[in-house]
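Working notes, beginning with the structure itself.
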């Protein structure tokens, strides 16, 4: 797999997460939905949004490195997702959904590592891990 495959693979993951929410929560989840944020407001495109239920989701299909190290550069992109989600009104349910990736060396998932390390930036955002093989979504923190 090369880097040029990343957008396609990320889009597949995004669609899988959307399908999970459609099946478990109900209809109305749209991909790549723009919502105005900030002051003055400027539109930002969120990965998955349900306007009626006030739910916004950012998807991150990241894994541990091949050697079991933290994908440091990817952590910045997750923090960026948390930053944009933080501008949504408080009545929104906000998620960062990360691909289930387990580190056998540390016995920790990437989503749990992210929450443990960056909880000070996350606020009320729910961090979840999604396993496409089992179609299971697990919320790491329950705000």
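Tabulated data for the structure shown
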| quantity | calculated |
| --- | --- |
| Any chance residue 10 is within 16 Å of the chain's Cα centre (by Cα), part of a helix (DSSP H, G or I) and exposed (fewer than 12 other Cβ atoms within 10 Å of the Cβ) | no |
| Any hit, segment 50-58, residues being touching a helix residue (DSSP H, G or I) at 6+ places or on another chain (Cβ under 7 Å), within 21 Å of residue 102 (Cα to Cα) and surrounded by 13 or more Cβ atoms within 10 Å (Cβ to Cβ) | yes |
| Residue 62 being touching a residue at least 40 places away in the same chain (Cβ under 8 Å), under 26 Å from residue 25 (Cα atoms), under 14 Å from the mean Cα position of the chain (by Cα) and not in a helix (DSSP H, G or I) | yes |
| Any hit, segment 35-42, residues being touching a helix residue (DSSP H, G or I) at 6+ places or on another chain (Cβ under 8 Å), part of a strand (DSSP E or B), on the phi < 0 side of the Ramachandran plot and in contact (Cβ under 8 Å) with a residue 12 or more places away in the chain | yes |
| Qualifying residues in segment 69-79 (those that are part of a helix (DSSP H, G or I) and touching a strand residue (DSSP E or B) at 6+ places or on another chain (Cβ under 9 Å)) - the one modelled with the lowest pLDDT | 74 |
| Any hit, segment 82-95, residues being more than 20 Å from residue 65 (Cα to Cα), at pLDDT below 95 and surrounded by 15 or more Cβ atoms within 10 Å (Cβ to Cβ) | no |
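The values are calculated or read from the model by the stated rules, or taken from the named source; none is laboratory data. If you're wondering where the values come from, they're calculated on a predicted model, not measured in any experiment. Because the Cβ atoms are built from the backbone with ideal geometry, glycine has one as well, and the counts that use them run over all protein chains shown.
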